[in-house]
1. Would you point out which residue out of 60, 20 is in a strand (DSSP E or B), in the same structural domain as residue 183 (by TED's automatic domain parsing) and more than 22 Å from residue 164 (Cα to Cα)?
2. Going by the structure shown, is residue 475 touching a residue at least 12 places away in the same chain (Cβ under 8 Å) and in a helix (DSSP H, G or I)?
3. Of the numbered conditions (1) in a strand (DSSP E or B); (2) more than 19 Å from residue 134 (Cβ to Cβ), residue 110 satisfies every one except a single condition; which is it?
4. Assigned by TED's automatic domain parsing to the domain that holds residue 14 and modelled with pLDDT of 85 or more: is that true of residue 265 in this structure?
5. Residues in the stretch 423-430: is at least one at pLDDT 90 or above and crowded, with 16+ Cβ neighbours inside 10 Å?
6. When the stretch 70-84 is examined, which residues are found to be in contact with an Asp or Glu (Cβ under 9 Å, 6 or more places away or on another chain) and either closer than 16 Å to residue 176 by Cα or at pLDDT 95 or above (or both)?
7. From 315, 298, grab the single residue that is of a type in the set (Gly, Ala, Ser) and modelled with pLDDT of 85 or more.
8. Does the stretch 450-462 contain at least one residue that is at pLDDT below 95 and more than 18 Å from residue 84 (Cα to Cα)?
Amino acid sequence: MGVHGLTTYLRENKRVLGKTVQFPSASGDEVTTIVVDGWSFIFEIHVQSQLPWVYGGEYTGFSQYVEQVVLSWIAIGLKVYFAFDGPAPELKTSTLISRMNRGNIEQSLIFFRTSPASRCTPRFLRETNILPPLAYEVCVQTLQRLASSGKRPLEVHFADEEADPYAVELAGRLGAYVVGNDSDFVIFSSGLYAGFISLSELMWILPDADEETYASKSGDEDDDFQTVVHGKVRKRPNQRPKNITFGLIPPADVPLEDLTLNASVYTPVALAAHLKIPVTILPLLAALVGNDFSNQSSTQRNVQSLFFERRLSLSQRIVHTGNTLTSILNAASQPRKARHQVESVMDLITRTVNALLVRAPSHVAPGEVEAVVDRIVNAALTYAIDKYDGEIYGPDSLWPTRMCALHHQEACPFVALFMRTHPCSSQGDTGHDGAALRLGAMYVEAFRSGKLKPKITDIMNTGACWPKTFLENPDLETVAKSIGRPIRLWIYALLEDGVGLPDAPEVSSSATDSVAEDNRGLHGEDEENLDELIDVQENSSDDDDTDLLAPLRGELERLRAADDSTSEPPASATSHSRSRLRLGYKTVTEYIRRGSRIASDEVQVPDLAVLISSSGFNASVDSVTYVPWQLRSLEERITLFLHILESNVPPMRDLPPIQLFGVLVVRWVIRTLHLRAVEGGMTKDREKERWSQREARALLAFYVESLEVNEAVGSTTAYGDTQAQQVAGVPIMDRTVQLMAQALTAIDTIQCLSQVLFLSDWIPVNVERLSSSRFHAYVSQPGPVSLPESMWSACVHTLEDAFRQEFPKRNRNAGTRKHDKPAKPAAKTRGGTVSIRQSGLFAVLGDAEA
């Protein structure tokens with residue numbers, strides 16, 4: 001999330017709002033705790049590392065940068081906690097679609113509409129930068145490897161929903177700073193939360209530098225000496241000292257114990273004091289100025305267009321909103337002016353909305369003001385964090401249960417996603433309910449340990465799936481559908497059979513419309529209760545704000561509680577069990593590329609028994625003692641896994657696990673494209689989609705760690721080079737880009753299937769070793785690609801006829817000598833005839849002058 005313009009506002013008022021801190025501290029023995037926003041960390045590493053992204057991702061180099069930064073933080077005395085996003089809330093659907101269109105689809109369209117010469121320039125690649133699709137998996141695997149090896153002060157957490165409130169709540173328990181790039185961290189407040197540190201404002205200092213080094217460069221070193229500069233000579237800009245480095249990545253080739261880190265800390269208390277509003281009014285300020293939730297609908301009018309004139313900058317909008325809130329609260333604090341009294345938080349929100357409207361409320365469409373108030377309330381509710389009632393702070397306050405690090409099982413919203421059945425106390429651990437509850441607990445523990453992707457939890461939360469979109473040809477069908485959907489159908493069926501997917505709404509409507517209707521029903525249910533003021537104990541040290549903090553926070557908590565109470569209870573996971581008749585089918589909404597935009601596509605969830613039967617798998621699923629496949633033996637799960645990928649053949653079972661995943665990816669892509677070509681009548685376009693044997697061998701070589709790598713491409717020594725040097729070494733061809741998009745989609749989707757069947761430990765993905773430029777180099781460079789014979793035999797088993805025929809390139813000079821080429825026609829001139837090559841094209845006009 002992010003508040004519109006707040007990052008710029010903090011930067012402009014840094015001297016007033018920011019406080020400089022240094023790590024390690026002056027004492028040197030003190031350990032400082034930080035909570036890092038995982039996705040902000042990934043994006044910042046990707047931008048600052050300048051690794052070439054266009055090939056599909058240099059994941060080996062990316063992993064090295066992650067390790068370098070984390071070990072540097074630990075070396076300077078920081079205890080590091082990472083917090084990654086969980087399932088995305090439904091209110092953020094429109095924002096996610098907008099980000100994918102702007103950040104992936106449009107950039108991919110620009111790339112393929114640009115000439116090959118222009119799109120290889122460093123400037124073009126910087127401007128069309130797309131995050132490689134496996135960056136999240138690489139970051140998580142690297143962090144977990146560092147946390148598991150030795151007793152390092154490092155932990156990795158996965159949030160219940162958005163990572164922002166989870167990170168602040170975690171920091172409130174630990175008395176920690178939150179490190180990230182989202183300005184929302186200056187709005188949240190919880191417990192012992194120490195403040196927000198921006199990743200873009202970090203400064204590394206080497207041993208021979210101090211805090212005043214950079215400042216001294218801007219002034220005269222000798223007061224008695226004055227340099228006379230000619231008026232026409234431009235003054236030289238202040239040069240940055242070599243012993244100071246700005247950014248997340250520390251300087252290389254420097255002992256970690258010699259580094260010092262400076263950062264600026266921003267706190268909600270300082271921001272509220274600067275704007276002259278109470279601390280707990282900050283969520284309302286953020287909702288009014290604009291965040292990811294106040295404008296969640298693309299079909300409704302933009303809220304901020306009703307509040308602010310176009311001439312106002314983003315920083316001026318924040319000041320204007322703060323002044324409006326201050327004036328309303330100051331008028332309400334005067335007892336003699338009864339008509340200005342604020343009776344409830346809803347009254348405060350309504351008055352503020354009416355005061356901010358650029359046009360008079362009478363000139364606004366009927367019902368539009370009420371709709372805006374509803375959206376502001378929902379946007380402000382996203383900042384609500386449950387108050388911690390415990391007396392213990394620090395690491396001992398975490399993990400009250402194995403299900404969640406912050407909440408008890410009954411209060412954790414994430415646990416409820418996988419616990420849709422009745423409690424075990426009433427049903428027992430036997431039967432369908434007991435199996436579903438046990439399986440749900442296993443999924444929760446897998447997610448908390450990083451072995452279940454958040455995109456899988458999205459399916460359980462909102463019935464939505466967000467396949468990753470990377471650089472692919474916009475004129476072809478998206479690989480998310482052609483390569484990934486057949487596997488995802490099995491994932492949906494397994495989840496529905498095991499724990500149950502959420503029921504589809506009875507009336508088809510957009511997420512925004514349904515939320516708005518729920519809010520209108522909420523306000524009309526008990527209007528008198530909404531006007532009550534609920535006193536809530538606050539942790540703010542400002543006594544003057546206490547009376548104003550209680551109404552807002554109490555009202556927001558009341559609204560959230562009422563919203564939860566009016567919602568229908570989750571459907572039982574046993575409503576579709578084998579002993580009952582299925583009355584209907586469920587659907588999953590996939591958000592995939594359709595042409596040049598992201599569009600929703602409703603996919604019917606197949607019945608697992610029908611799917612298994614139609615695929616020719618010989619297994620009994622209709623017995624009385626039915627057990628979900630996720631709870632069956634390892635051998636049964638492996639057999640089903642290989643069967644789904646059409647690779648349940650003896651050569652595949654003989655491969656070591658370290659080589660298995662790469663062969664599975666190649667076999668799935670080869671087979672899928674071959675079947676598409678056969679079903680399409682082997683047309684020219686479908687025939688061109690198929691892979692050649694050389695391309696398949698190149699992908700296997702790209703995935704095998706033991707192969708020797710060309711030192712000029714993909715080696716660890718090349719990761720410090722610029723994008724221009726990397727691109728100059730390996731050509732960027734449209735076909736190879738499309739092949740890599742297919743392979744990356746297969747890697748991601750097959751990994752999801754393995755996680756659903758709890759096979760992550762049996763079949764390692766090892767994405768940390770991948771270098772996509774290596775695959776491009778193998779495809780473009782001539783010469784054989786050596787592979788272990790067992791791998792290639794397993795790859796082509798039963799797929800010998802699925803490859804595209806590769807014809808040798810015809811040598812233009814073959815069979816014809818240079819002097820045997822037919823002479824070009826001569827051009828007549830006044831003096832006879834002369835060759836066009838010798839005299840130029842204008843010689844043809846010779847006769848015209850005669």
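The values are calculated or read from the model by the stated rules, or taken from the named source; none is laboratory data. Small disclaimer: the values here were computed from a predicted structure and weren't measured. Here the Cβ is made from the backbone with ideal geometry for all residues, glycine too, and neighbour counts use every protein chain on show.
1. Details: 60 fails: in a strand (DSSP E or B).
Among 60, 20, only 20 is in a strand (DSSP E or B), in the same structural domain as residue 183 (by TED's automatic domain parsing) and more than 22 Å from residue 164 (Cα to Cα).
2. Details: touching a residue at least 12 places away in the same chain (Cβ under 8 Å): yes; in a helix (DSSP H, G or I): no.
Criteria not met by residue 475.
3. (1) is the only condition that residue 110 fails.
4. Yes.
5. The answer is no; no qualifying residue exists.
6. Step one: list which residues in the stretch 70-84 are in contact with an Asp or Glu (Cβ under 9 Å, 6 or more places away or on another chain), which gives 75-77, 79-84.
Those that are in contact with an Asp or Glu (Cβ under 9 Å, 6 or more places away or on another chain) and either closer than 16 Å to residue 176 by Cα or at pLDDT 95 or above (or both): 76, 77, 79, 80, 81, 82, 83, 84.
7. Numbers: 298 fails: modelled with pLDDT of 85 or more.
Only one candidate passes the filter, namely 315.
8. yes
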